[in-house]
Structure formats: C-alpha cells, structure tokens
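So the structure is just underneath, and the comments pick up after that.
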Amino acid sequence: RALAEALGVAWLPDLRTLLAEGMADGIVIATPNQLHVEQGLACVEAGVPVLIEKPIAHEVAAGMHLAEVAEAADVPILVGHHRRYSPLVSRAHEIVRNGELGTILAIQATCWFHKPGDYFEVAWRRQKGGGPILLNLIHDIDLLRHICGDIVSVQAMVSNALRGNPVEETAGILLSFASGAI
C-alpha cells in the first residue's frame with residue numbers, strides 16, 4: 001500500500017477487486033502454481049485476457065478446465081514460456097524444422113537444479129504442484145516440444161527421498177513425440 005501511494009498508483013486488495021473495477025485490459029499471473037487456475041478463471045469470467053506464468057495449472061484436469069472455459073468464453077489465455085524466444089532456441093528450432101539434421105529419432109536432455117533447504121521454506125513449494133518439475137523443468141519440456149513437436153506419451157519416476165515433502169525433488173522422464181522421436 002505504501003509503495004502504491006509513493007508511486008501514485010491505485011492499490012487494491014486482490015485480483016477480483018481489480019477485475020470488478022474494470023482497471024485491466026490484460027493481466028499477468030505470476031503467483032504460486034496452485035493459484036493459477038482460480039485466478040485465470042476470474043480473469044476469464046471478467047473477459048480479461050491473461051498471460052499465466054508457467055505452468056498453466058498445478059494439475060492437468062484443472063489446466064484443461066481453465067483452457068476449456070477460456071475457449072468457450074473466447075477470452076485469450078497464454079502460458080509464459082519465454083525461453084522459446086531465445087535466439088539460440090529459435091535457431092535450433094529452424095535447423096530441426098528445415099531438416100538439416102535429418103530425421104530426429106532421439107533427443108537427450110539433462111537438467112540439474114540445486115534447490116537449497118531454504119528454498120522449501122516457502123510452504124507452497126513443498127506441496128504438489130510447487131516442485132522443481134513444474135517450476136523449472138517445465139521450461140525444458142516446453143523447449144523439447146517446441147523443437148521436436150507434440151508429446152504423445154510420458155513415462156516418469158519421481159522421488160522425494162531427501163526431504164520427504166509431498167512434492168517431487170528428483171525425476172526421470174521418458175517422452176515419446178508424435179514424430180516418433182523419443
């Protein structure tokens with residue numbers, strides 16, 4: 001509130017109040033994953049386009065529901081996968097799409113994230129939907145989709161052996177793409 005006053009901008013207590021005031025032409029949602037669907041639905045109900053920071057939802061069914069509601073209401077929603085716009089990624093996409101590497105049969109990606117203990121002190125990061133897969137690895141999965149095409153099947157194993165929180169800490173994932181690549 002003090003910052004808003006110092007900057008001379010409006011301060012409102014929550015998203016629904018902002019939407020009810022009709023002050024937004026568009027909304028960027030960059031909140032904990034578990035809030036994305038609820039807040040996205042509020043934007044759609046208000047007819048306000050929304051850019052949702054990845055992931056769109058903390059559960060597949062909830063994300064599908066949000067997408068269906070937005071489509072039925074003809075309200076645009078986008079998911080914030082900003083890494084697609086890196087010049088390096090754009091070039092890799094172009095090389096694969098132009099067939100310069102031939103037919104892609106397999107692709108391998110490895111991601112290592114160090115999450116120190118204090119990272120998990122934030123309560124929502126210890127709950128399902130708040131772990132490293134949806135917060136970090138999702139970017140790499142999106143890049144694989146961008147370069148190799150749609151994913152048609154997933155096999156995965158996750159572990160929470162180190163800290164024992166409900167959310168994953170480690171994962172191994174095998175993806176199969178519509179192109180036939182794995």
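Out of the stretch 22-41, which residues are of a type in the set (Gly, Ala, Ser) and either at pLDDT below 95 or surrounded by fewer than 20 Cβ atoms within 10 Å (Cβ to Cβ) (or both)?
Of all residues in the stretch 22-41, those of a type in the set (Gly, Ala, Ser) come to 22, 24, 26, 30, 40.
Residues satisfying the conditions are 22, 24, 26, 30.
Within the stretch 105-119, identify whether any single residue is open to solvent by less than 40 Å² (accessible area, probe 1.4 Å) and free of Cβ contacts under 8 Å to residues at least 12 places away in the same chain, and answer yes or no. Reasoning before the result, please.
Initial filter on the stretch 105-119 (open to solvent by less than 40 Å² (accessible area, probe 1.4 Å)): 115, 119.
Still in the list and also free of Cβ contacts under 8 Å to residues at least 12 places away in the same chain: 119.
Yes: the stretch 105-119 contains one or more residues that are open to solvent by less than 40 Å² (accessible area, probe 1.4 Å) and free of Cβ contacts under 8 Å to residues at least 12 places away in the same chain.
Hey, any hits in the stretch 126-133 for a residue that's at pLDDT 95 or above and either among the polar types (S, T, N, Q) or touching a strand residue (DSSP E or B) at 6+ places or on another chain (Cβ under 6 Å) (or both)?
Just the residues of the stretch 126-133 that are at pLDDT 95 or above, to begin with: none.
Checked against the condition, which is being at pLDDT 95 or above and either among the polar types (S, T, N, Q) or touching a strand residue (DSSP E or B) at 6+ places or on another chain (Cβ under 6 Å) (or both), the stretch 126-133 yields no hits at all.
Which numbered condition trips up residue 93, out of (1) open to solvent by 90 Å² or more (accessible area, probe 1.4 Å); (2) at pLDDT 90 or above; (3) not aliphatic (A, V, I, L, M)?
For residue 93, the failing item is (1).
Tell me which residues, restricted to the stretch 19-45, are assigned to a helix (DSSP H, G or I) and among the charged types (D, E, K, R).
Filtering the stretch 19-45 for residues assigned to a helix (DSSP H, G or I) gives 19-21, 33-45.
Across the stretch 19-45, the qualifying residues are 21, 38, 45.
For the stretch 93-102, check the following and say yes or no: at least one residue is under 19 Å from the mean Cα position of the chain (by Cα) and either hydrophobic (A, V, I, L, M, F, W, C) or on the phi < 0 side of the Ramachandran plot (or both).
Kept after step one, since they are under 19 Å from the mean Cα position of the chain (by Cα), are these residues of the stretch 93-102: none.
Scanning the stretch 93-102 turns up no residue that is under 19 Å from the mean Cα position of the chain (by Cα) and either hydrophobic (A, V, I, L, M, F, W, C) or on the phi < 0 side of the Ramachandran plot (or both).
If a residue must be of a type outside the set (A, V, I, L, M), without any contact (Cβ under 8 Å) to a residue 40 or more places away in the chain and either farther than 17 Å from residue 112 by Cα or in a loop (DSSP other than H, G, I, E, B) (or both), how many such residues does the stretch 161-176 contain?
Quick first cut of the stretch 161-176, residues of a type outside the set (A, V, I, L, M) only: 163-166, 168-170, 172, 176.
Subset that is without any contact (Cβ under 8 Å) to a residue 40 or more places away in the chain: 164, 168, 170, 172, 176.
Then keep just the ones that are either farther than 17 Å from residue 112 by Cα or in a loop (DSSP other than H, G, I, E, B) (or both); that gives 164, 168, 176.
Count: 3.
Within the bounds of the stretch 42-62, is there any residue that is open to solvent by less than 80 Å² (accessible area, probe 1.4 Å), touching a strand residue (DSSP E or B) at 6+ places or on another chain (Cβ under 6 Å) and small (Gly, Ala, Ser)?
no
Which condition from (1) open to solvent by 90 Å² or more (accessible area, probe 1.4 Å); (2) aliphatic (A, V, I, L, M); (3) part of a strand (DSSP E or B) is the one that residue 3 breaks?
(3)
Is there a residue in the stretch 90-107 that is under 24 Å from residue 28 (Cβ atoms) and not in a loop (DSSP other than H, G, I, E, B)? I'd like the intermediate steps shown before the answer.
Filtering the stretch 90-107 down to residues under 24 Å from residue 28 (Cβ atoms) leaves 90.
Going one step further and asking which of them are not in a loop (DSSP other than H, G, I, E, B), we end up with 90.
So far as the stretch 90-107 goes, yes, one or more of its residues are under 24 Å from residue 28 (Cβ atoms) and not in a loop (DSSP other than H, G, I, E, B).
Going through the stretch 141-170 one residue at a time, which ones are at pLDDT 90 or above and of a type in the set (Asp, Glu)?
Listed by number, the residues that qualify are 142, 150.
Under the condition of being closer than 30 Å to residue 109 by Cβ and open to solvent by 60 Å² or more (accessible area, probe 1.4 Å), which residue from the stretch 63-75 is nearest to the chain's Cα centre (by Cα)?
Top of the filtered list is 64.
Of everything in the stretch 72-86 that's farther than 16 Å from residue 38 by Cα and assigned to a helix (DSSP H, G or I), which residue is modelled with the highest pLDDT?
72
Checking residue 48 against (1) modelled with pLDDT of 95 or more; (2) assigned to a helix (DSSP H, G or I); (3) among the hydrophobic types (A, V, I, L, M, F, W, C), which single condition isn't satisfied?
All conditions pass for residue 48, except number (2).
The values are calculated or read from the model by the stated rules, or taken from the named source; none is laboratory data. Quantities reported herein were computed from a predicted structural model and do not represent experimental measurements. Here the Cβ is made from the backbone with ideal geometry for all residues, glycine too, and neighbour counts use every protein chain on show. Accessible surface areas use protein heavy atoms only, side chains included; no ligands, DNA or RNA. Shrake-Rupley method; radii C 1.70, N 1.55, O 1.52, S 1.80 Å.
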